[in-house]
Amino acid sequence: KLCAGRTGQILNLSSLGNDCGINHNTAKAWISVLEASFIIKLLKPFYKNFNKRLIKAPKLYFLDTGLVSFLLGITQADQIFSHPLKGALFETYVYSELLKSRYNKGKTENLYFYRDSKGNEVDIICDNGNTVSQIEIKAGQTITLDHFKGLHYFSKLCDMPLESYLIYGGDKTYFRNNVQVIGWQGISGI
């Protein structure tokens with residue numbers, strides 16, 4: 001249950017261990033068991049050729065949003081809309097669907113995230129070898145200019161050809177601010 005409350009967040013093993021009453025190494029061992037069992041996935045940071053202070057701890061994601069919802073005490077679909085972890089649950093769903101879509105297309109995983117010490121962040125970075133796709137995830141059904149901030153920041157850093165996506169809780173697909181905005185049902189198209 002303590003891992004469920006951390007889905008979509010940077011994993012702090014010391015904090016998790018303290019909350020569980022175990023040490024850092026034991027928490028790390030149990031996390032590796034959960035990952036080997038395909039219950040969770042640790043998303044590594046992307047820090048190719050950047051001279052900034054970057055966050056190097058992984059992000060924790062559950063691969064089954066039904067399981068993480070159950071562990072959080074969510075028993076009805078409408079409870080998600082008012083849940084404090086609504087954004088993290090949506091991000092977890094999108095990440096797991098992107099991962100499954102890549103596997104189904106025979107592609108390697110190559111998914112990462114970007115975050116620096118100043119809080120600049122892109123939820124998912126997909127390293128395609130000679131190109132990079134950056135993906136921002138927002139649970140809301142409306143898009144604001146602020147949602148593009150991390151994408152524009154990373155665009156200035158990246159020296160490779162770049163595709164930019166914003167996946168949101170709405171259902172329309174369109175192009176805005178040099179970013180392909182995609183409703184949550186269009187995830188497999190990336």
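Report the longest stretch of the chain that contains none of the trypsin sites (Lys or Arg not before Pro) sitting in a DSSP loop with at most 14 other Cβ atoms within 10 Å.
Free of exposed loop sites, the longest segment is 119-171.
Give me the aspartates and glutamates in straight-line cross-link reach of residue 44: C-alpha distance below 18 Å, same-chain residues under 8 apart excluded.
35, 91, 97, 109, 116, 121, 123, 127, 136
For a quick check of your reading of the filter: which chymotrypsin sites (Phe, Trp or Tyr not before Pro) in region 1-60 sit in a DSSP loop and have no more than 11 other Cβ atoms within 10 Å?
Counting only loop positions with at most 11 other Cβ atoms within 10 Å, the chymotrypsin sites (Phe, Trp or Tyr not before Pro) in region 1-60 are 38.
Quick check on my link table: of 100/172; 28/59; 107/138; 86/138; 41/118, which ones sit more than 20 Å apart, alpha carbon to alpha carbon?
100/172; 107/138; 41/118
Relative contact order for the chain: what is it in percent, counting Cα pairs under 8 Å that are at least 6 residues apart?
Relative contact order here is 16 percent.
Just to be sure I understand the model, the point goes 7 Å from the Cα along the line to the Cβ. What's the resulting residue 76 to residue 104 distance in nm?
3.1 nm
Beta carbons within 10 angstrom, averaged per residue: use that to sort the peptides 13-23, 71-81, highest first.
Top of the packing list down: 13-23, 71-81.
Values in this text are rule-based calculations from the coordinates and carry no lab data. No experiment lies behind these values; they were computed from the predicted model shown. A quick note on method: Cβ atoms are made from the backbone with ideal geometry, for glycine too, and the neighbour counts reach across all protein chains shown.
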